[in-house]
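**Q** Take a look at this one; I'll ask things after.
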Amino acid sequence: MTQRLFFDCDTGIDDSVALLYLLARADVDLLGIASTAGNVPVDVVTTNNLSWLELCGRAEIPVHVGSATPLVADLMTTEDTHGPLGVGHAELPTPTITASHVDAADAWIEASRAHDGELVGLVTGPLTSLATAVRRDPALPSRMRRLVIMGGAFHTHGNTTPTSEWNVAVDPEAAAEVFAAFGTAGAPEPIVCALDLTEQVVMTPDHVVRLAAASGSTPLECPDPGDERGLRSVADNEIIRHLTDALRFYFEFHHDHDEGYIAHLHDPFAAMVALNPDLVTTIPARVGVELTGTLTRGMTVADERWMSPLGPNARIATATDLDSVFDDLIETIGTYARALVRI
Ligand code: RIB
Ligand code: CA
């Protein structure tokens with residue numbers, strides 16, 4: 001069955017992998033892509049989305065531009081994590097296609113109205129665009145079939161502050177408004193893929209080799225911490241070449257932060273959950289976001305024991321089968337990249 005999905009991202013290295021995974025799924029009708037400021041400024045996010053779509057021959061998918069800044073906070077970006085242009089060492093071709101004139105928030109609203117009750121929403125960046133859409137149309141949540149959010153940290157250390165995860169830290173007010181709006185009457189409880197689980201989705205150089213092999217790309221390249229910094233891929237498959245260059249930057253970043261020569265694939269994991277919620281075990285919770293804490297601003301707080309008089313407004317993903325996640329990711333993107341070469 002075709003799933004109608006709207007993708008909101010801050011592309012980003014792992015957002016790029018998520019986008020390729022969605023494009024590779026023949027059972028996905030990707031209605032549009034909202035570019036939200038986060039990893040890099042919104043114009044860079046937009047260019048990256050347009051570049052990937054044009055590379056994959058999918059120029060028909062509209063890309064929508066979100067606000068240049070969060071709802072309240074000043075914009076915070078992280079080029080040190082995702083590279084100066086948000087795609088690591090990859091040098092994507094400058095796109096010749098342009099963004100839609102419909103902004104990201106209106107695109108959310110239009111997609112929900114056009115596919116009332118059917119729309120699957122996936123957010124892998126800050127929640128600025130979605131919160132803006134809900135402000136403009138408070139009935140939006142009730143028209144969603146499903147919402148999956150990559151964000152938050154509940155029983156694990158934050159990756160932006162000790163208590164906050166990046167997507168929530170960039171725009172805590174937006175996250176707070178989205179959690180308050182969903183889980184109400186008629187609106188689905190978002191499935192939250194937080195760091196607790198997404199930091200278990202650990203991509204290694206061996207996975208890069210498997211991905212290249214699945215695509216038929218040559219030569220097979222295994223990034224290594226001993227390689228020259230920023231070594232560029234010479235893979236003959238263009239998608240694999242850009243992906244390898246992007247992921248190498250992510251490997252280098254985590255290596256430099258003593259997390260190993262690895263990459264946490266937060267966003268593609270959330271994309272897989274958006275298409276198959278049975279992939280994860282979840283627990284119901286009432287989730288709120290701290291906005292005024294001196295040390296804890298941007299912290300996602302989950303009431304998992306019904307201390308709050310309010311019912312659950314989220315389902316937190318707590319477990320998955322990691323091997324099957326990587327098997328699916330590699331098979332899906334590898335097969336897609338192989339087929340693209342033949343166009
Ligand atoms: O905390 C990880 C999240 O923040 C991922 O979505 C990554 O792309 C960044 O947006
Ligand atoms: Ca992201």
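**Q** V17 - would you say it is surrounded by fewer than 24 Cβ atoms within 10 Å (Cβ to Cβ), farther than 17 Å from L130 by Cβ and within 15 Å of ligand 2 (Cβ to nearest atom)? If you could, list the steps in order and put the result at the bottom.
**A** Working: surrounded by fewer than 24 Cβ atoms within 10 Å (Cβ to Cβ): no; farther than 17 Å from L130 by Cβ: yes; within 15 Å of ligand 2 (Cβ to nearest atom): yes.
Taking the combined requirement at face value, the residue does not satisfy it.
**Q** I've got another one for you. Take V44 and decide whether it is modelled with pLDDT of 95 or more, more than 18 Å from A274 (Cβ to Cβ), within 16 Å of ligand 2 (Cβ to nearest atom) and hydrophobic (A, V, I, L, M, F, W, C). Lay out the reasoning, then the answer.
**A** Working: modelled with pLDDT of 95 or more: yes; more than 18 Å from A274 (Cβ to Cβ): yes; within 16 Å of ligand 2 (Cβ to nearest atom): yes; hydrophobic (A, V, I, L, M, F, W, C): yes.
In short, yes.
**Q** Of everything in the range 114-139 that's within 16 Å of ligand 1 (Cβ to nearest atom) and part of a loop (DSSP other than H, G, I, E, B), which residue is farthest from the chain's Cα centre (by Cα)?
**A** L127
**Q** When you check D236 against the structure, is it within 28 Å of L30 (Cα to Cα) and assigned to a helix (DSSP H, G or I), yes or no? Quick ask: steps written out before the conclusion?
**A** Details: within 28 Å of L30 (Cα to Cα): yes; assigned to a helix (DSSP H, G or I): no.
For D236, the condition - within 28 Å of L30 (Cα to Cα) and assigned to a helix (DSSP H, G or I) - is not met.
**Q** Taking I33, is it assigned to a loop (DSSP other than H, G, I, E, B) and modelled with pLDDT of 95 or more?
**A** Numbers: assigned to a loop (DSSP other than H, G, I, E, B): no; modelled with pLDDT of 95 or more: yes.
Spelling it out, it is not the case that I33 is assigned to a loop (DSSP other than H, G, I, E, B) and modelled with pLDDT of 95 or more.
**Q** Cβ-Cβ below 7 Å, separation at least six or inter-chain, first residue in the range 212-229 and closer than 24 Å to A339 by Cα, second crowded, with 19+ Cβ neighbours inside 10 Å and among the acidic types (D, E): which pairs?
**A** A212/E221
**Q** Right, next: Which is in a loop (DSSP other than H, G, I, E, B), touching a residue at least 12 places away in the same chain (Cβ under 8 Å) and in contact with a Gly (Cβ under 8 Å, 6 or more places away or on another chain), of I97, I61? Give the derivation first.
**A** Working: I97 fails: in contact with a Gly (Cβ under 8 Å, 6 or more places away or on another chain).
The conditions single out I61.
**Q** Looking at this structure, is E165 among the charged types (D, E, K, R) and within 19 Å of A285 (Cα to Cα)? Working first, answer last.
**A** Values: among the charged types (D, E, K, R): yes; within 19 Å of A285 (Cα to Cα): yes.
Considered against the rule, which asks whether it is among the charged types (D, E, K, R) and within 19 Å of A285 (Cα to Cα), E165 comes out as yes.
The values are calculated or read from the model by the stated rules, or taken from the named source; none is laboratory data. Predicted, not measured: the structure shown is a model, and the values here were computed from it. Positions of Cβ are backbone-derived with ideal geometry, glycine not excepted, and every protein chain shown enters the neighbour counts.
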